[in-house]
Amino acid sequence: MNRIFIAFKINSTVRQEILRRRNFILDGTVNNYKWESFKKIHTTIKFVGDVDKSILSKIIDKLKCFNDYEKIESTLGNFGFFNKNNKPSILWCGFYPDKKINSIVEKLNNSLYEIGIPKEEKLFKPHLTILRIRGYEDVTLLNKFKDHNFDEMKFYLDEIAIYESKLLSSGSVYKEIKKYQLK
């Protein structure tokens with residue numbers, strides 16, 4: 001069985017800008033936290049879960065249609081938090097994609113539904129997870145992220161990838177299985 005998710009890849013220029021913004025806000029205190037790996041920054045479109053090789057090959061085949069889609073213009077946004085039990089649990093960086101992204105998310109859900117994978121119930125909220133908050137972090141320091149507004153940075157979403165995720169005691173490890181280039 002493979003634990004699968006589908007995501008937009010984020011180019012290194014955008015990832016470097018996120019890190020620059022993070023370091024600016026925290027002014028050198030970044031080592032006190034367990035940040036998401038630079039290489040792992042992506043935006044999940046669909047978490048599929050555990051599938052066997054026959055379903056995985058069907059997913060790979062269904063997603064070929066995305067090679068015909070146009071890349072999506074986006075704007076890098078500011079930071080925010082997802083909360084769990086009224087406490088911050090994830091620090092994320094937002095971005096604002098062209099509305100064309102909705103047709104990709106809908107097409108993905110419909111295509112996977114055809115092979116027995118349930119449609120996503122939640123509304124797609126574009127974000128890039130940069131820190132999973134475990135509860136021991138200095139949340140007062142993290143609140144600095146709420147107060148910063150940065151200049152816009154335009155970029156394109158131009159690759160969709162299927163990833164396998166393995167959960168280890170040291171954290172998750174991602175392996176790219178297949179990628180699709182938007183035009």
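What are the lysines whose alpha-carbon lies under 20 Å from the alpha-carbon of Lys100, with same-chain residues fewer than 8 places away excluded?
Output for Lys100: Lys9, Lys46, Lys62, Lys64, Lys71, Lys119, Lys122, Lys125, Lys154, Lys179, Lys183.
I want to check the label-to-label distance for Glu137 and Lys39. Put each point 7 Å from Cα in the C-beta direction and report it in nm to one decimal.
2.2 nm
Search the structure for amide H atoms under 5 Å from the amide H of Leu131, placed 1.01 Å from N in the peptide plane, and list their residues when 5 or more places away or on another chain.
Hits under the 5 Å cutoff: Glu36, Leu91.
Please report, in debye to the nearest 20, how large the charge dipole of the stretch 2-181 is about its Cα centre when each Lys and Arg carries +1 at its beta carbon and each Asp and Glu carries -1 there. List each step's numbers first, then the result.
Values: 32 positive and 23 negative charges, 85 e Å.
With only Lys, Arg, Asp and Glu charged at Cβ, the dipole is about 400 debye.
Here are some pairs, Lys144/Lys166; Lys99/Lys178; Lys40/Lys84; which of them have Cα atoms lying more than 30 Å apart in this structure?
Lys144/Lys166
For a paramagnetic label modelled at 7 Å from the Cα of Asp61 toward its Cβ, which residues of the stretch 94-127 fall within the zone defined by backbone nitrogen distances under 12 Å?
Counting only backbone N, you get 115.
Which of Ser103, Ser111 has the fewest other C-beta atoms within 10 Å, and how do the rest follow up to the most?
Working: Ser103 11, Ser111 19.
Listed from fewest to most nearby Cβ atoms, that is Ser103, Ser111.
Within a 10 angstrom radius of the beta carbon, how do Val48, Val105 rank from fewest other beta carbons to most?
So the ranking, lowest neighbour count to highest, is Val105, Val48.
Based on the alpha-carbon gyration tensor of the chain, what equivalent-ellipsoid semi-axes (square roots of 5 times the eigenvalues) come out, in whole Å, largest first?
Working through the eigenvalues yields semi-axes of 29, 19, 14 Å.
Every number in this text was worked out from the coordinates using simple rules, so none of it is lab data. If you're wondering where the values come from, they're calculated on a predicted model, not measured in any experiment. Virtual Cβ from ideal backbone geometry, glycine too; neighbours counted across all protein chains shown.
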